[in-house]
Structure formats: C-alpha cells, structure tokens
Amino acid sequence: MAHIVVTGGAGFIGSHCCVELLKKGEQVTVLDNFCNSSPEALDAIEKITGVRPALAELDLCDEEKVNAFFAANTVDAVVHFAGLKAVGESCRMPLAYYHNNLTGTLNLLRAMAANGCKTIVFSSSATVYGMHNNAPFTEDMPTSATNPYGWTKQMIEQMLMDTVAADAAWSVVALRYFNPIGAHPSGLIGENPNGIPNNLVPYVARVAEGTLERLSVYGDDYDTPDGTGVRDYIHVVDLAKGHLCALDYAAAHKGFEAINLGTGNGASVMDVLHAYEQACGKTLPYVIAPRRPGDIATSFAAPQKAKELLHWEAQSDLLTMCRDSWNYMCRRQQNG
Ligand code: WQD
C-alpha cells in the first residue's frame with residue numbers, strides 16, 4: 001500500500017481519483033481548503049468505497065502548514081489537482097490566480113523535495129495548446145495560453161521540467177486533460193460548480209433540471225461540421241483511472257512526461273446537447289449567441305502517447321457521460 005496525497009481531493013476530478021485509489025487499496029490523504037468544494041465529498045467517497053480518506057484541511061499557500069504536513073507524514077506520491085480553474089475569472093483576477101496556483105504549487109514542491117517525496121502527477125490542461133496549434137493536439141507541440149488560468153498550467157509544467165532537469169531523482173507526469181464531464185455511476189459524486197456554470201455540460205445539466213432557462217450556444221459560425229465548437233469530452237471516471245496509470249508509470253520511470261488524457265474524438269456543442277436530450281428524455285431549449293472571446297473552433301487529443309506509455313485509453317462514449325451526469329443531477333435533487 002502506498003500513501004498518496006491528493007491535493008484538491010474534495011473537488012470534481014480529485015474526488016473521483018480518490019475513489020479509484022481507495023478501490024485499489026492505496027492509503028489516501030486529501031489535502032484541501034474547500035474553497036471550491038465541500039467536506040461532503042469525503043462522505044460520498046466513503047459511501048462509495050467503504051473507506052474514508054484522511055483529511056489535511058489546509059491551503060497550499062500557507063507554506064508553514066504545508067511544510068509541517070510533509071515533515072510529519074511519509075508520502076510516496078502526490079496527485080496535484082488543487083488550483084483555481086475558471087478561465088473567465090482568471091482574466092478578471094489574474095494576480096489571485098498566479099498567487100493561488102503558482103505559490104501553492106511552489107510550496108508543495110519545496111515541501112516534497114525537503115522531505116524526500118519526488119513523485120508527482122500534475123493536473124494540467126489541454127488549454128496549454130493555445131490558439132496556434134491544429135487538432136489533433138500532440139504532446140510535442142509548442143505550448144502557450146490565452147488567459148491567466150492557462151498560463152498558470154503552462155508555467156507549472158515549466159517548473160516541473162526545470163525541477164527534473166536539476167534533480168534526476170524526480171518522477172513527474174503532467175496530464176493534459178481535455179474536457180472532463182459526467183459523474184460516478186453511483187450518482188454520489190459529480191460536477192456541481194458554485195453559481196452559474198462556465199462550462200457546457202454543467203450548464204446543460206442545469207437546463208435539463210429546470211434551474212436554468214436555456215443554453216446559449218456560443219457561436220454557430222465556426223469552421224466545424226455544424227458550425228458550433230468541437231471539443232474532446234472525456235468521462236471523469238476514465239480520467240481518474242488515467243491518474244492511477246500515471247502513478248504506476250511514475251513509480252517505474254524518472255523524468256518528466258506530458259501526456260494527453262482525451263478520447264481522440266471531437267463532439268460539437270449540438271452533439272452534446274442532443275446526447276443530453278437523449279440521456280434526460282427531454283427537449284432542451286437553446287439560443288444561438290455570439291462567440292465567447294478566447295474560444296477556439298476545434299480541440300481534441302492525439303491519444304496515442306497515453307496508450308503507449310500508460311496502457312490507458314478512454315472507454316466511455318458521449319451518451320454514457322451524459323447519462324451519468326443526469327443520474328447525478330437526479331440523485332442530487334432527490335437528496336436535497
Ligand atoms: C466547451 C464548448 C464553448 C458553455 C475550458 C478550459 C479547460 C477546462 C474545461 C479547466 C465551447 C461551448 C460553453 C456555454 C457554449 N477547464 N459553450 N455555451 O472552453 O473547451 O475548456 O473548460 O480545466 O481548461 O479551457 O470548455 O465547457 O467552457 O466549452 O456554447 O454555456 O461549449 O464555446 O465550444 P472549454 P467549455
């Protein structure tokens with residue numbers, strides 16, 4: 001049994017990762033400040049797996065507490081999800097994003113190094129492919145960003161590459177997520193952002209449950225099959241399982257690897273809307289709205305490297321993702 005620390009482990013993707021780690025029999029400690037999640041996630045993780053992860057409630061920006069945690073605990077590896085992640089908000093609050101995401105990560109890496117823990121799987125994002133690459137995106141493409149959130153992901157990847165270059169004892173895998181959606185089949189954990197969702201599927205889910213009136217489709221004049229934006233949607237459970245494969249790879253390999261986690265398939269906004277209609281059994285209202293600044297037309301992964309290095313590939317199709325999302329929304333409404 002390894003002791004894995006999951007920063008942001010009470011969040012959407014982090015909680016699904018904890019479930020898979022506990023199912024595998026690992027010892028898990030969630031390190032979270034609950035700024036964008038709830039301790040209830042730990043109740044749900046325990047209900048699903050029968051095991052409650054340990055909790056270290058702290059902010060990664062609190063250097064003293066981060067150091068104290070790693071000095072007091074033997075940690076085999078870290079899966080690092082904790083960070084602010086709203087693209088639009090990052091444009092409004094760049095300094096908060098750079099402080100939270102970069103300072104937090106620096107404190108984490110320094111505390112790990114000082115206590116002999118040099119294995120990390122980092123939650124990166126396809127957003128680092130920026131505006132100048134053409135899909136399918138491969139890991140060797142140049143990275144950039146179009147917003148402070150994306151720059152923090154790119155900068156953290158750079159920090160990690162430089163750390164590995166200076167100390168060959170480190171094992172680092174930066175997983176570049178495409179568009180994680182869906183929920184655990186139990187319906188006990190899923191995506192439930194605070195306020196009005198920025199992202200497509202949680203917004204569509206709120207339209208389906210009737211708490212939002214209709215979907216605004218941000219542009220139907222892109223150079224795509226139906227004119228709406230194309231993305232690579234991946235089931236959050238497939239994504240979580242990819243992290244366990246990345247931990248196995250990191251345990252056996254030193255150095256830095258950036259690896260895409262995506263299906264390799266693109267789906268348009270209208271494809272998603274229609275799949276969600278099929279999942280919930282309702283017609284979902286929408287209106288065509290102007291393009292959203294910063295959006296690209298098409299984004300989807302080249303998934304070969306994950307298959308070759310991690311022996312991982314996504315399993316679930318878009319309808320399954322929408323069905324699991326809708327099941328979670330229904331369970332949430334039933335439980336109040
Ligand atoms: C998907 C498509 C929109 C909302 C971002 C981040 C990425 C990751 C996921 C954190 C686009 C369209 C959306 C709506 C719409 N975040 N859309 N109406 O922008 O691909 O990725 O979120 O890790 O890093 O960049 O995801 O779900 O916001 O948009 O028409 O109300 O849906 O234009 O084509 P995106 P998204």
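The values are calculated or read from the model by the stated rules, or taken from the named source; none is laboratory data. It should be emphasised that the depicted structure is a prediction, and the values quoted were computed from it without experimental measurement. FYI the Cβ positions are ideal-geometry reconstructions off the backbone, even for glycines, and counts take in every protein chain you see.
You will find that of Ile288, Ile296, Ile234, the residue that is within 11 Å of the ligand (Cβ to nearest atom) and either free of Cβ contacts under 8 Å to residues at least 12 places away in the same chain or closer than 18 Å to Phe122 by Cβ (or both) is Ile234 and no other. Considering only residues in the range 114-138 that are touching a residue at least 12 places away in the same chain (Cβ under 8 Å) and small (Gly, Ala, Ser), the one that is surrounded by the fewest Cβ atoms within 10 Å (Cβ to Cβ) turns out to be Ala114. For the condition hydrophobic (A, V, I, L, M, F, W, C), at pLDDT 95 or above and closer than 25 Å to His16 by Cβ, Val236 qualifies. When the range 140-151 is filtered for residues that are under 21 Å from Lys85 (Cα atoms) and either away from the ligand (no atom under 16 Å from the Cβ) or buried (at least 17 other Cβ atoms within 10 Å of the Cβ) (or both), the ones remaining, listed by number, are Thr143, Ala145, Thr146, Asn147, Pro148, Tyr149, Gly150, Trp151. Looking only at the range 161-183, residues that are of a type outside the set (A, V, I, L, M, F, W, C) and closer than 21 Å to Asn198 by Cα come to 5 in all.
Give the residues of the range 261-279 that are surrounded by fewer than 21 Cβ atoms within 10 Å (Cβ to Cβ) and either more than 12 Å from the ligand (Cβ to nearest atom) or under 16 Å from Ala302 (Cβ atoms) (or both), sorted by residue number. Within the range 261-279, Gly264, Asn265, His274, Glu277, Gln278 qualify.
Any residue that is closer than 30 Å to Val75 by Cβ, within 14 Å of the ligand (Cβ to nearest atom) and buried (at least 22 other Cβ atoms within 10 Å of the Cβ) - is there at least one of those in the range 304-324? Checking the range 304-324: not a single residue is closer than 30 Å to Val75 by Cβ, within 14 Å of the ligand (Cβ to nearest atom) and buried (at least 22 other Cβ atoms within 10 Å of the Cβ).
In this structure, Ala174 qualifies as of a type outside the set (Val, Ile, Thr), closer than 25 Å to Cys35 by Cβ, more than 11 Å from the ligand (Cβ to nearest atom) and outside any loop (DSSP other than H, G, I, E, B).
Tell me which residues, restricted to the range 192-226, are in contact (Cβ under 8 Å) with a residue 60 or more places away in the chain and near the ligand (Cβ under 7 Å from one of its atoms). Residues satisfying the conditions are Asn198, Leu200, Val201, Leu215, Ser216, Val217, Tyr218, Gly219. Residues in the range 209-242 that are closer than 19 Å to Ala183 by Cα and of a type in the set (D, E, K, R): Glu209, Arg231, Asp232, Asp238, Lys241.
Within the range 69-84, being in contact with a Phe, Trp or Tyr (Cβ under 6 Å, 6 or more places away or on another chain) and buried (at least 21 other Cβ atoms within 10 Å of the Cβ) holds for one residue alone: His80. Of the helices (runs of 4 or more DSSP H) that lie entirely inside the range 1-120, those containing 1 or more residues that are within 16 Å of the ligand (Cβ to nearest atom) and more than 21 Å from the chain's Cα centre (by Cα) span 87-92.
A single entry from Leu22, Leu31 fulfils the requirement of being touching a Ser or Thr at 6+ places or on another chain (Cβ under 7 Å), modelled with pLDDT of 95 or more, among the aliphatic types (A, V, I, L, M) and surrounded by 23 or more Cβ atoms within 10 Å (Cβ to Cβ): Leu31.
Results for (1) touching a Gly at 6+ places or on another chain (Cβ under 8 Å); (2) of a type outside the set (Phe, Trp, Tyr); (3) farther than 18 Å from Ile234 by Cβ; (4) not in a helix (DSSP H, G or I), shown as yes or no for each residue.
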{"site": "Val272", "(1), (2), (3), (4)": "no, yes, no, no"}
{"site": "Ala275", "(1), (2), (3), (4)": "no, yes, no, no"}
{"site": "Gln278", "(1), (2), (3), (4)": "no, yes, yes, no"}
{"site": "Leu284", "(1), (2), (3), (4)": "no, yes, yes, yes"}
{"site": "Arg291", "(1), (2), (3), (4)": "yes, yes, yes, yes"}
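Flag: Gln158 does not match the condition of being assigned to a helix (DSSP H, G or I) and either within 13 Å of the ligand (Cβ to nearest atom) or among the basic types (Lys, Arg) (or both).
Looking across the range 152-164, the residues that are in contact (Cβ under 8 Å) with a residue 12 or more places away in the chain and surrounded by fewer than 21 Cβ atoms within 10 Å (Cβ to Cβ) come down to Gln154, Met155, Glu157, Met159, Met161, Thr163, Val164.
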